[in-house]
Amino acid sequence: MTKKKINVGVVGYGFMGRTHSNAFGKVNQFFKLEHQPVLKAVCGRNAENVAAFAENWGYESSETDWRALVTRADIDLIDIATPNDSHAEIAIAAAAAGKMVMCEKPLAMNPSQAEEMVAAVEKAGVANMVWYNYRRVPAVTLAKQLIDEGKLGRIFHYRAKFLQDWTISKDIPQGGAGLWRLDVNAAGSGVTGDLLAHCIDTALWLNGGISQVTAMTETFIKERTHALTGKVEKVGIDDASAFLARFSNGSLATFEATRYARGHKALYTFEINGEHASIFWDLHDLHRLQYFAHSDEGRLRGWRSLHITDGDHPYMKNWWVPGLQIGYEHTFIHQVADFLGGLSDGKPAGPTFRDGLATDYVTDAVLRSAASGRWENVS
Ligand code: SOE
């Protein structure tokens, strides 16, 4: 079957530019799809570096100005893998030019920007998606299936955390290519928008809407040298953020994220406790889902450690043989596969920009609550 080509233009070529390029390049080798992404162009400000990236990943061309890329007639899809402060401008211009848009998380710097982005893609009627990749870890997708099938019954508790330790040194500068996540003007917020946003996206998907939050944040290192100005400047991001939440379904939640948990590199975990069963998942052991079912025979009742590698587990029939694992990069490939599948069957795969906006409403309420010291409603 001749596949329908989707010419992709990626803006940004850092860590996320690599995960996305890998996904666009590999998806058709493993998934049977009607569409095929073509690595048409990659865009970045440094001509030499972006050309080298293009060659390494097999792009046909490179650009140094995203405005030129989004108006190129030979581009069908703009993929945004830049720091957060440029998501809105690029996405809105891409939608206006009639391109499909995929955007790195968090969708925007704040909800009002995100609302404009949603309005732009919906007005243009273009397919859109936000890269909350952890939904597509097979074990996490299985958790979604089990919840939707009612295996957990009524849900009482949701507990999530995302712990890292890479910014503990006061000598790490803020700003610039590798460290823009520490610069509030580029990132919008700290761990709330970077790490909690992942936990919130998964939670909204698995357990429905969050109605209220009460939060606290802290910035442990108050000043850092700015990599771009060379000056010591106030740090505007949150280094740690924790909040309590009430879901619309009546369940209670705790969420925590920090970059100051010595020994933890990317410890994203969640546990969900329902009337009939509980689920626990850990990114450091991403191919396992821990499951406890109260209906098990009493003598054998206990937590089961399910190895999510079998053909009847989500996505796994596309990979190797039962028992053999996949990893982090595959979640991005799954995301592209589902995006392209959505183009074929007319059912857009989430998270769409509208779903990304829902997450931004929660992170905004978290930051508002940390500032006010009160419970805040989620818009
Ligand atoms: C931060 O260190 C980071 O790279 C996030 O920006 C990603 O979204 C997360 O998946 C891993 O950690």
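Assorted remarks:
- Matching residues in the range 40-51 - criterion: being among the hydrophobic types (A, V, I, L, M, F, W, C) and part of a helix (DSSP H, G or I): 47, 50, 51
- Of everything in the range 139-181 that is part of a strand (DSSP E or B) and surrounded by 20 or more Cβ atoms within 10 Å (Cβ to Cβ), the residue that is nearest to the ligand (Cβ to nearest atom) is 162.
- Residue within the range 102-120 that is over 12 Å from residue 354 (Cα atoms), of a type in the set (Gly, Ala, Ser) and within 16 Å of the ligand (Cβ to nearest atom) present: no
- Residue check, residue 119 in contact with a helix residue (DSSP H, G or I) (Cβ under 6 Å, 6 or more places away or on another chain) and modelled with pLDDT of 95 or more: no
- Residue 237 falls short of the stated requirement of being more than 21 Å from residue 164 (Cβ to Cβ), of a type in the set (Val, Ile, Thr), surrounded by 15 or more Cβ atoms within 10 Å (Cβ to Cβ) and touching a helix residue (DSSP H, G or I) at 6+ places or on another chain (Cβ under 8 Å).
- In this structure, residue 200 does not satisfy being assigned to a loop (DSSP other than H, G, I, E, B) and closer than 22 Å to residue 109 by Cβ.
- The range 69-88, residues that are away from the ligand (no atom under 15 Å from the Cβ), in a loop (DSSP other than H, G, I, E, B) and more than 15 Å from residue 129 (Cα to Cα): 71, 72, 73, 74, 75
- Evaluation of residue 130 against the conditions (1) of a type in the set (A, V, I, L, M); (2) in contact with a Leu (Cβ under 7 Å, 6 or more places away or on another chain); (3) farther than 28 Å from residue 46 by Cβ shows that the sole unmet condition is (3).
Conditions tested, residue by residue: (1) within 16 Å of the ligand (Cβ to nearest atom); (2) in a helix (DSSP H, G or I); (3) farther than 17 Å from residue 336 by Cα; (4) not aliphatic (A, V, I, L, M).
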| residue | (1), (2), (3), (4) |
| --- | --- |
| 26 | no, yes, no, yes |
| 29 | no, yes, no, yes |
| 38 | no, no, no, no |
| 53 | no, yes, yes, yes |
| 67 | no, yes, yes, yes |
| 90 | no, yes, yes, no |
| 95 | no, yes, yes, no |
| 98 | no, no, yes, yes |
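- Of all residues in the range 13-22 being surrounded by fewer than 24 Cβ atoms within 10 Å (Cβ to Cβ) and of a type in the set (Gly, Ala, Ser), the one that is farthest from the ligand (Cβ to nearest atom): 17
- Residues being surrounded by fewer than 22 Cβ atoms within 10 Å (Cβ to Cβ) and in contact (Cβ under 8 Å) with a residue 60 or more places away in the chain - total across the range 52-74: 2
- Against the test of being assigned by TED's automatic domain parsing to the domain that holds residue 149 and surrounded by 16 or more Cβ atoms within 10 Å (Cβ to Cβ), the options 266, 253 yield a single qualifying residue, 253.
- Looking across the range 308-318, the residues that are surrounded by fewer than 17 Cβ atoms within 10 Å (Cβ to Cβ) and not in a helix (DSSP H, G or I) come down to 310, 311, 312.
- Given (1) surrounded by 16 or more Cβ atoms within 10 Å (Cβ to Cβ); (2) among the polar types (S, T, N, Q); (3) in a loop (DSSP other than H, G, I, E, B), number of the condition residue 379 does not satisfy: (1)
- Qualifying residue in the range 221-229 (condition: under 13 Å from residue 367 (Cα atoms) and of a type outside the set (Val, Ile, Thr)): no
The values are calculated or read from the model by the stated rules, or taken from the named source; none is laboratory data. In this text the structure is predicted, and so the values were computed from the model without any measurement. Cβ atoms come from the backbone with ideal geometry, glycine included; neighbour counts cover every protein chain shown.
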